[in-house]
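Data first, discussion second: the structure below is written as C-alpha cells.
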Amino acid sequence: MEKINPKNINFSSMTEEETSALKNRIFNTIHKKKTRKRNFWFSGLAAACLAGCIGLTFYFYNTSNTSSSITDFVNSTSSENENHKEGEVVLTLGEGNSLKIKEDVASINYSDSGENVTIGANEVVNQKATKNKKSVFNTLWVPYGKRSNLTLSDGTKVWLNSGSKLVYPIAFNGDKREVYIEGEAIFEVTHNKSKPFHVISDHQVVEVLGTVFGVTNYPDETETNTILKSGSVQISFKNIKNASSHSDKMKITPGTKASFDKENKSIVSEKVNVDNYFSWKEGVLIFKNNDLQYIMKRISRYYNIDIVIENENLAKETFSGYLDLNEDINSVIHSIKESTNMEYVKTENKILIK
C-alpha cells in the first residue's frame, strides 16, 4: 500500500484480470418482481354494503398488525446488542429464542409467509408471523469477524457486514415494509409500488420501491452513509440543521453517496465509485484516499481483532488501493507494512501499530 498520488496501487497479489472479474460479479443481477392490479366492480346495495364491511375489517386488521412499532421494539431490545459483539451469528426469533449459527458467512431464507426459516442448507425453523394480531419481529446479530446474507419474506435480499444488527418483521403487513439497521448492509429490494420499503436507523429513514443500495450506520462512527447502486431512494433525516438541498429530505441518483454528520446534524452528497463500498460482499476492501485509521477500523471488524495506532500522524495519512480479505490477518497486515513505514506488534487478540 502506498500514499495517495501514485496510481494503480495494489495491496495484495490480485491481478487486474481478477479485479475486473470481481467488479463484474458485484450485483450483476437485480431481482425485480411485477405486481398485478385487479379491479373489482360491485353492483347493487347488498354488494356495496358487503364491500364496505370487508374494507372496514381489513382496515382494522392491518391497523392492529402494524400497531407494534419497529422502533419501539428496537429501543426495548437495544441493550442486548452488547451480548453479540463476539462469537457466532445469532438469530433471535419472535418468541425470544436465540439460534446460534456457526458459519462465517451465515445464510438465512424466509418463506413467503415468513413462518418457515431455512438456515444454511438444511435447518428449518417454524414460527408464527403474528402474535395477538401484532407483527412479530426477528433480529439478526452479526458479530465482528462474521458476515451474513438473508432473504426476507417479500424476496428482498440483504447482506450484513461484521458488527451489524438487522431487525425486521417476519411478514410485512400494512402499507409499507420497514426494517432497522445498525452497522453496515447492502439491500437488493424487491419492487412493490404499493408497499414502499423503509430502512430505518437512528438518524435517518431511507425509502425505496425497488433498488440496490447500501447503508453504513455504526455507533462508533461519526457519519451515517447511504450509497445508491441503482434505482432511486429518498432519505429523510432526523434533527437536521442544514443540508445541501435546504431540506430534511434528499433524493439521490445512482452512483451517489449521502452522508449524515451525527455531530453537526448536517448532510452532504457526492458522486462515488459504488464498487468501493460494496466490494466487502466479495471479500475485498477497496480504498480511495482513506486515512489509515479508517482502514484499520474496517480490518478490525472484519477479522474481529483490536488494532491500535499509536502514531497519530500515521493514523491520519491517506491511502488508496485494495485488500484481499480472503487472506489471513497476518498476510493483510504484512501487505500494508510493505508499502508504509509502520512497525507493528501482534499478540493473540491485538495489533499495535507504531
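The values are calculated or read from the model by the stated rules, or taken from the named source; none is laboratory data. Only a predicted model underlies this, so the values are computations on that prediction, with no experimental measurement involved. So basically every Cβ, Gly included, is an ideal-geometry build from the backbone, and we count neighbours across all protein chains shown.
Of all residues in segment 128-169, which are of a type in the set (A, V, I, L, M), farther than 20 Å from Ile329 by Cα, assigned to a strand (DSSP E or B) and touching a residue at least 40 places away in the same chain (Cβ under 8 Å)? Hits for segment 128-169 are Leu140, Leu150, Val167. Yes or no: segment 337-350 includes at least one residue that is in a helix (DSSP H, G or I), more than 24 Å from Gln204 (Cβ to Cβ) and touching a helix residue (DSSP H, G or I) at 6+ places or on another chain (Cβ under 8 Å). No, the conditions are met nowhere in segment 337-350.
Where helices (runs of 4 or more DSSP H) sit wholly within segment 210-318, those with at least 2 residues that are without any contact (Cβ under 8 Å) to a residue 24 or more places away in the chain occupy 292-303, 312-316.
Please specify each residue of segment 51-109 satisfying the condition of being at pLDDT 80 or above, surrounded by fewer than 16 Cβ atoms within 10 Å (Cβ to Cβ) and touching a Phe, Trp or Tyr at 6+ places or on another chain (Cβ under 6 Å). Scanning segment 51-109 gives no hits. Provide a single number: the residues in segment 92-113 that are part of a loop (DSSP other than H, G, I, E, B), out of contact with any Lys or Arg (no Cβ under 9 Å at 6 or more places or on another chain) and charged (D, E, K, R). The qualifying residues number 2.
Would you say Glu327 is over 20 Å from the mean Cα position of the chain (by Cα), surrounded by fewer than 20 Cβ atoms within 10 Å (Cβ to Cβ), touching a residue at least 60 places away in the same chain (Cβ under 8 Å) and closer than 18 Å to Gly145 by Cα? Yes: the conditions hold for Glu327.
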